[in-house]
1. Can you name the residue in region 319-334 that is in a strand (DSSP E or B) and small (Gly, Ala, Ser) and is also nearest to Ala291 (Cα to Cα) among such residues?
2. Hey, can you tell me all the residues within region 240-270 that are part of a strand (DSSP E or B) and either more than 16 Å from the chain's Cα centre (by Cα) or among the hydroxyl-bearing types (Ser, Thr, Tyr) (or both)?
3. Of all residues in region 228-267, count the ones that are buried (at least 21 other Cβ atoms within 10 Å of the Cβ), closer than 18 Å to Pro125 by Cβ and among the hydroxyl-bearing types (Ser, Thr, Tyr).
4. Within region 396-409, does at least one residue satisfy the condition of being touching a Ser or Thr at 6+ places or on another chain (Cβ under 6 Å), of a type outside the set (Ser, Thr, Tyr), within 18 Å of Leu40 (Cα to Cα) and modelled with pLDDT of 95 or more?
5. Going by what's in this entry, would Ser347 be described as in contact with a Pro (Cβ under 9 Å, 6 or more places away or on another chain) and under 16 Å from Ala367 (Cβ atoms)?
6. Has region 395-404 got any residue that is surrounded by fewer than 22 Cβ atoms within 10 Å (Cβ to Cβ) and in a strand (DSSP E or B)?
7. Name the residue that is nearest to the chain's Cα centre (by Cα), counting only residues in region 44-85 that are farther than 23 Å from Ile357 by Cα and outside any loop (DSSP other than H, G, I, E, B).
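The values are calculated or read from the model by the stated rules, or taken from the named source; none is laboratory data. Source: prediction; values computed, not measured. Cβ placement follows ideal geometry from the backbone for every residue including glycine, while neighbour counts extend to all protein chains displayed.
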Amino acid sequence: MTAAIARLTFTALAVLSVFHLGANDILHASDNQPVASPPLPTWTMSRADIGASGAVPQTLPRDLKILWETQTEEAIETTPVSDGVRVYITDVMGSVEALDAQTGKSIWRRSFDTGFVAPAGLYLPSSVTPSDSIETAKLPVIDVQKSITDASSDPLSNDDTTGRTSGFEQPLLIVGDVEGNVEAMNPETGESLWKFTTDGEINAAPAFFAVPLQRDPSSSNAEKSEQFEIRLLQTSQDGCLYCLNAHTGELVWKYETGDQIRCAASIGSGKTFLGGCDGALHIVDLATGEAAREAMPLGGPTGSTPAVIGDEVFLPIMDGAVFAFNPTSGEIRWKFEDPERLQEYRSSPAIGPDRIIVGSNNKHIDALDRKTGERIWRKTLRRRADASPLIAGDDVWIASTDGLLQRLSLADGEETWSFESRGKFIAAPAILGDRLIIADDDGLVRCFAAPSP
């Protein structure tokens, strides 16, 4: 990434001089306001949901064509996010841009004196939630007081989630840069709302959860569940996990691991899960910011984001192992290691109903049995896939560094569709209902959809 920034510095300076954009300037395209049409489903988190499953239930149409493509200024190494009206992208030279989700036309562009290698994250309140938003957009609700006063209780059951909460009506676009800054922006205008600074590079997307505000015992049940404080989790290469008040950017608590963190924080059962370069899986209580249990040794560092599904946690490490944990007992349910050759895992897993998908730096995509860890099938790529795999219904989507976007059958790994780009794919696509959006390191953003009848 550092080389990419150095390589593009001259170009970026030229672009800034043409547009005269500073760190706080926003370029608006007044003639390119969003198309007035029903919003698409949203994609607010790069790994699909709060547990970072990397999976959605819907299968995309069989035949996909380019609906639109947009050439942006610089290389893009991150997954887009979308509120269903706009698609938001960040690039390695410090631009954040909003594109019309229907046409790909630029709505606004913001330039920072830094770069972005971490995906953005979106918080959307109920007032702007499309009626057909996917279930994965829900936020977990953490009852802080219950968690603190009754340590034996679980403050969050698997079903204790809310659609976009109505306690904070300002939508937020959160971006983290290579200098350690976390900035909240108004996704409609690109204007800054607050900024928080860490001591290390930001490599991963934020995660959100909701905390009920103090309730009036005399109020109705409906009134009791309406107001929430929104908080966000952000990891940093300074070795810390930060919990911030999403309304203000103020620090709520900080958890220190002692080494770099390059993954995002996943959420499940009132806790957050993160791996790190210290070679351990950390489980942190969302209410207090304290360790929920002793860190679980992995035998090697990881930059992968754990996938949390109910009472299962799946996590690969750089030293060639994939683990399935019981997060409550700490039991290792299974461990997969390639018996033929050491694999190096740097991306995050995707979790299907009965199998998980992992990609290695040795150009292999493996499907493992979710219950046993046994390998079901393997697909060998032409070049490695730095992007994490993504499951969409019956398919696995793989974006490779040779510019090949492949659709594989989840059942057997056979290719059923592909598209080749001149630029490299560094990050996974986003899925908005029946559309797929992906960006490459040539700065091209493409939207694929079924052909018009």
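1. Restricting attention to region 319-334, the residues satisfying the condition of being in a strand (DSSP E or B) are 321-325, 332-334.
Now restrict to residues that are small (Gly, Ala, Ser): 321, 324.
Details: Ala321: 24, Ala324: 20 Å.
So, considering only residues that are in a strand (DSSP E or B) and small (Gly, Ala, Ser), the one nearest to Ala291 (Cα to Cα) is Ala324.
2. Result: Cys240, Tyr242, Cys243, Leu244, Asn245, Leu251, Val252, Trp253, Lys254, Tyr255, Glu256, Ser266.
3. 0
4. no
5. On the way: in contact with a Pro (Cβ under 9 Å, 6 or more places away or on another chain): yes; under 16 Å from Ala367 (Cβ atoms): yes.
Answer is yes for this residue.
6. Within region 395-404, one or more residues are surrounded by fewer than 22 Cβ atoms within 10 Å (Cβ to Cβ) and in a strand (DSSP E or B).
7. Here the residue is Ser82.
Yes/no matrix, rows are residues, columns are (1) farther than 17 Å from Ser111 by Cβ; (2) of a type outside the set (D, E, K, R):
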| residue | (1), (2) |
| --- | --- |
| Val56 | yes, yes |
| Thr59 | yes, yes |
| Arg62 | yes, no |
| Thr72 | no, yes |
| Ala75 | no, yes |
| Thr78 | no, yes |
| Asp83 | yes, no |
| Tyr88 | no, yes |
| Val92 | no, yes |
